[in-house]
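Data first, discussion second: the structure below is written as structure tokens.
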Ligand SMILES: O=C([O-])C(=O)C[C@H](O)[C@@H](O)C(=O)[O-]
Ligand SMILES: [Mg+2]
């Protein structure tokens, strides 16, 4: 534990040049409560790691960012935090160069599938971009506060005053295996009736008008039945199903045939651009992805083969808010739809998502967000969904304020952890309920 504590680091101010110069960077890894949500890999851990990044400028302005907090991200964030003082928060392009210089040797990263993020194959570039995204958001937040401008204005200005979000439905257990974690009153959702009840509660409480079900958990017939039950309960509402690449091409095509009339899009039915292209060829149901197109390099093949019709952007994946805008422009150019992906996150990331979403003209679909599942936060005022949307904030920066007591408490939880929760591992969490559980081979069905 001792060595890990060094992540809570403060870098001394260096060389005053002007108010925009970064004087100090603080990295605070935290563990946040997460409910027992099921996916094809297993179940969410009772607590999941996030990293909170604070960039303080020479005039004492502090900007905040948030990203993944697993060890492999912390290992890249630490040298970047050390190198950033002396650079300006305006030098966002320089952030990428700096990260390339200090964030380690790409060869050190295995190309295994990223279990926690379910984002396809893990590479050094992807890890580095996810780290940069948190720093970029923190720099933009600081700059916006200094200039008295909201982040969306720094990105060129909002084109909408509210951003629509979709209800993110999960099959789930009533409680974590072995009674760990924080209890909640959602109960289990393991069949169509449970899924509909969960959707009803989301709709009543937050006004969400569209629904996404995380699939790949049960055999496809059961998930088809759940989507049909949703269609009956909410006639005409946009529905999505996302098994995270768990199905074969044949299974994907069968599900597409059966649900063709009710799905807005089918998300990552099969894994990899090749399989997605085969599915796409055989169905008119639009295919969406946050797995086979997650970097600029992956776009060309996927678009050329018409493997996907919708890309789910995610500023953590793509290296920040400005890269998300670039992705949006590419999608617009090629007539590919744009939606927004989410992983377990807190209010800083939701604010960042909302700012960039407000600036993208071709945001064609309501964005995903896990936020309603998160009961803890590090900001003083939680975001409130009204009519399924968030109002775009016009306050300077992101428009959120860090709750330092909450941050301290969640960091303490990270310090107190014996290491088991510091790296998200849904399969390991599932083994607490089923000791024989192994990450299923793909395709699972
Ligand atoms: O749309 C997606 O693929 C996700 O949101 C990936 C996530 O990791 C989700 O499956 C989860 O949190 O279990
Ligand atoms: Mg997905």
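The values are calculated or read from the model by the stated rules, or taken from the named source; none is laboratory data. The structure presented is a predicted model; accordingly, all values stated were derived computationally and were not measured. In this analysis, Cβ positions are derived from the backbone assuming ideal geometry, glycine residues included, and neighbour counts consider all displayed protein chains.
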Please determine, by comparing only the residues of region 317-350 that are in contact (Cβ under 8 Å) with a residue 60 or more places away in the chain and part of a helix (DSSP H, G or I), which one is nearest to ligand 2 (Cβ to nearest atom). 317
Counting only residues that are closer than 22 Å to residue 63 by Cβ and surrounded by fewer than 19 Cβ atoms within 10 Å (Cβ to Cβ), which one in region 102-146 is modelled with the lowest pLDDT? 102
Residue 181 versus (1) away from ligand 1 (no atom under 16 Å from the Cβ); (2) touching a strand residue (DSSP E or B) at 6+ places or on another chain (Cβ under 8 Å); (3) at positive phi: which is the lone unmet condition? (1)
Filter result for residue 197 (more than 16 Å from ligand 1 (Cβ to nearest atom), in contact with a helix residue (DSSP H, G or I) (Cβ under 8 Å, 6 or more places away or on another chain) and in a helix (DSSP H, G or I)): no
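Rundown of residues vs (1) assigned to a loop (DSSP other than H, G, I, E, B); (2) at pLDDT below 95; (3) not assigned by TED's automatic domain parsing to the domain that holds residue 264, yes/no style:
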{"position": "363", "(1), (2), (3)": "yes, no, no"}
{"position": "372", "(1), (2), (3)": "no, no, no"}
{"position": "377", "(1), (2), (3)": "yes, no, no"}
{"position": "383", "(1), (2), (3)": "yes, no, no"}
{"position": "409", "(1), (2), (3)": "no, no, yes"}
{"position": "412", "(1), (2), (3)": "no, no, yes"}
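More than 13 Å from ligand 2 (Cβ to nearest atom) and in a loop (DSSP other than H, G, I, E, B): is that true of residue 232 in this structure?
Working: more than 13 Å from ligand 2 (Cβ to nearest atom): yes; in a loop (DSSP other than H, G, I, E, B): no.
No: the conditions fail for residue 232.
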Among residues of region 274-316, those that are under 18 Å from residue 368 (Cα atoms) and either at pLDDT below 95 or in a loop (DSSP other than H, G, I, E, B) (or both), counted: 9
Test: residue 354 is within 27 Å of residue 33 (Cα to Cα), in the same structural domain as residue 160 (by TED's automatic domain parsing), in contact with a strand residue (DSSP E or B) (Cβ under 6 Å, 6 or more places away or on another chain) and not in a helix (DSSP H, G or I): no
